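Every number here is computed from the coordinates shown, using simple stated rules; none is lab data. Everything numeric in this text was worked out from a predicted model, so none of it was measured. Positions of Cβ are generated from backbone atoms using ideal geometry, with glycine treated the same way; all protein chains shown enter the neighbour counts.
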């Protein structure tokens, strides 16, 4: 026993003086205490297992409590026992101080689950109300006090609790899916989709154990291992097959997950405990564990009246494995994928190799390494590394790795054998990690990072900084560029593709490798088609949408169409909701913490408090002019599309924020789909509308203060006027700072946006006006500046009405037209205005000099004295005196065409329909003037008006797209320049995945419309689309017939194009 580090715990004879069968075993979080429950005598015994000589600490007799049938129990690190009966009654007993504990709140509620987290906080769960309660274990007056609670929303899904880990990670089941929900950050992840009937007793049929790397889920007779890093299932084991679990024996981290109550594999246990039986005579000849409880380091087993504590790692180390076991191809591939997940555990070895190479640089071209019966031989020649694996001096596998386009010669600097299968090789062009699969006699490249390491480099010490993090750095661009075989290994390995696929696809796009782009795209889509659990592969495409939009925009449309109207579960869930309302799973209804605890404990305020919280969290958009209808729940394919990098510098983020793919990809092909529109709805509801109101309110304060200050009397309210100008100036500086940050972030884009320039001019002009008023005494001189400032500020108010959808729709149309005709305005119209202005100036300007203060009579018809009105004087009622008349003195406006500037202004007035500038000339006597006016009216009033009507008609065709693009741009502006850096990392606002509801009738119309247009490809994600068509009562033959017609049309089109090409070639050959 001492050799195996095992501890045998004999059941104390004081418990009825006999050994009773054990029903449950639980271990405290710190592994100090073990509690066992026996249903036979209704007792709970607490053992201290910290020391080599374990002993009983306490015994609790449940028989004293009438009708108490134990359902669940847990023990804290301080020997505090919590147990729940099957009718939901909760009991707490402090075994250290031998006293009962009560809860200060909701102690009479029915509970379904209890546990202690790593911080010693008691977590209770009420299944009826889906409520979590957190209690501090600091005892005051024999009571524990509630420090927080929240409730899961059951509006969209009826979630059921499976378990809660020590790290406050909650596992929920709903709609054939398992979710992991962090109770601290409320970050949720769908870890598994189950395409089978689980039944009502989910905790009996589903068991979950986790650690920092893996989540092991037992579903009936199957174990599925989920990778926390890759966020996909990486292994599936059949409990009825003892060979499959045996494959994981060399991974203690995974093996500890296999041992749990009800995870009993008879054949596997015989094999596993065989070594214990050989080394310990106390074990019976025939044995089988009846109750098991596993931790990350030990296994506690009840065997024939004894409890055994088994050191898992030492037992695994002493285990001898049968290498001749035949493993099928599928299991071999699974095992080949698993080793990718353990690469980060090699970081210390990689750093040691780097340190040794930097300290003692010694390049070699041939190395040998051996372990057990396996020998590795590595040779480096020019730009190629050759690996050979020998077993018992017989070559069993060879692999050549060639490098291309290298400018330096590679050499070997060091190596390290991890085990028989994995080897790390450090070269002068970076580290490589190889994996040997003995089953199929192959060597795969698991990791490569290109970096130059030579003896003359002064920056070698900086290389250690790159590998200073706990995880291996992601391969850089050069890693794929110089090592073509590394590209193939990543592309063909499922785990490697998910881990390094983002960088590989980015490399393919930048290097314009069209075949590689297509292969990666198809693999990501195909992985998701085969298994909904592989939805994370879509994030590879989503992360590269900005680059695809820039270089290959056709992929945006293709991806949007192929992934529109999808689900990530085998069934379609129907709820009553608004069309295209979006959300994330799961959702919390309300929450409070310690700050409110004194208030909520008062019973008289408790119900009022909850009603207020529910009222505040109520979504008013769900009842305003809209009726909820039966709707499907669909998944948005844009996984990790809105997320920002986790590593950031707070100060740099204020001026140069790191963008998300959403920021860099404002494309109509995305937002004209339901998924794209639902994504915008989610963002708008979460923070967009709130920040819009905040921005709008601030601007209204600015506008009101400035307008009131400009309009009130300067004699009576000077002090008030001064205060208002100061307030408006402060707000103007705030809004100006946002404009400056936008300019710093992207100067070129800012300059090309006329709206940004207008905003800057408004704020700068208003600030200068306010400063001039505050510093000057002669306010009359700056009155024009105040006038124009009021005008500009009032006009800018129009842009804030985009919060209203119908206004924003046409506002977007106007802005879109303005952008399209900006060049037209500045060139075509200005040329026409200048041309006609000069023509009018030439025709109507005075040809002789004249003063305005002295009358000059001449024959110039354009002389202002000849154009000014004169009035005859009557001598009496009937006769006029020809020698007497009254002449109106002319001014500068009598002839507007005396200078070119005034002529241009008069022409602009004519553009508005004002002909008063030409009223002093007779059209009958001036046919040239009449012709010019007619031509001008034709060009400006008829031609340009029709151009605008045409543009507006075209813009209204896709006005919905314009509205969504405008909203996306506005949301991007809010995210980058109004949200703080840490807010951009909030999971509630920027979740990994978003779901949305779609009205059933609208969905049917949408699908039929897509089928008619040939956009509904039944070959992409076929099973999901077939099920949806069945739900919508759309015959599959309808889609197939239309597909056949479209395919025939394409074939005819291709055939005609080929014939045309042949005819053109024949024509070229003719003389």
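Between the range 34-56 and the range 668-703, how far is it from one alpha carbon centroid to the other, in angstrom?
About 59 Å separates the Cα centre of the range 34-56 from the one of the range 668-703.
Rounded, prolate or oblate: which fits the range 634-695 when a ≥ b ≥ c are the square roots of the eigenvalues of the alpha-carbon gyration tensor, with rounded for a/c under 1.5 and prolate only if a/b beats b/c?
Numbers: a/c = 2.17, a/b = 1.40, b/c = 1.55.
Oblate shape, in that a/c is at least 1.5 and b/c is the bigger or equal ratio.
Using Cβ counts within 10 Å as a stand-in for footprinting exposure, how do 631, 153, 345, 395 rank, fewest first? Don't skip to the answer; put the middle values down first.
Working: 631 24, 153 17, 345 14, 395 11.
Fewest-to-most Cβ neighbours within 10 Å comes out as 395, 345, 153, 631.
Give the calculated FRET efficiency between residue 574 and residue 664 to the nearest 0.05, with a Förster radius of 30 Å applied to their Cβ-Cβ distance.
E(calc), rounded to 0.05, equals 0.25.
Percent relative contact order of the range 407-539, based on C-alpha pairs within less than 8 angstrom and at least six residues apart?
Working: 156 pairs, mean separation 16.7, N = 133.
Contact order relative to length: 13 percent.
Roughly how many whole Å is it from the C-alpha centroid of the range 965-1036 to that of the range 767-787?
53
In terms of the Cα gyration tensor, with a ≥ b ≥ c the square roots of its eigenvalues, is the range 356-396 rounded because a/c is under 1.5, prolate because a/b exceeds b/c, or oblate? List each step's numbers first, then the result.
On the way: a/c = 4.29, a/b = 1.63, b/c = 2.63.
The shape class here is oblate.
Please report how far the C-alpha centroid of the range 530-568 lies from that of the range 389-444, rounded to the nearest whole angstrom.
If we compute the Cα centre of each part, the gap is 35 Å.
What order do you get for 922, 363 when you list them from fewest to most C-beta neighbours inside 10 Å? The partial results should precede the final answer.
Details: 922 11, 363 17.
The most exposed by this proxy come first: 922, 363.
At q = 0.22, 0.23 Å⁻¹, what base-10 log of I(q)/I(0) does the Debye formula yield for the range 345-471 when every alpha carbon is treated as an equal point scatterer in vacuo?
One equal scatterer on each Cα of the range 345-471 leads to -1.38, -1.47.
Please report 397, 524 as a ranked list, fewest other C-beta atoms within 10 angstrom at the top and most at the bottom. Mind dumping the intermediate values first?
Working: 397 17, 524 23.
With the sparsest Cβ surroundings first, the list reads 397, 524.
Any chance you could run the full-extension gain for residue 914 through residue 221? It's 0.36 nm times the residue separation minus the Cα-Cα distance, nm to one decimal. Mind dumping the intermediate values first?
Numbers: separation 693, 0.36 × 693 = 249.48 nm, distance 8.81 nm.
Here the answer is 240.7 nm.
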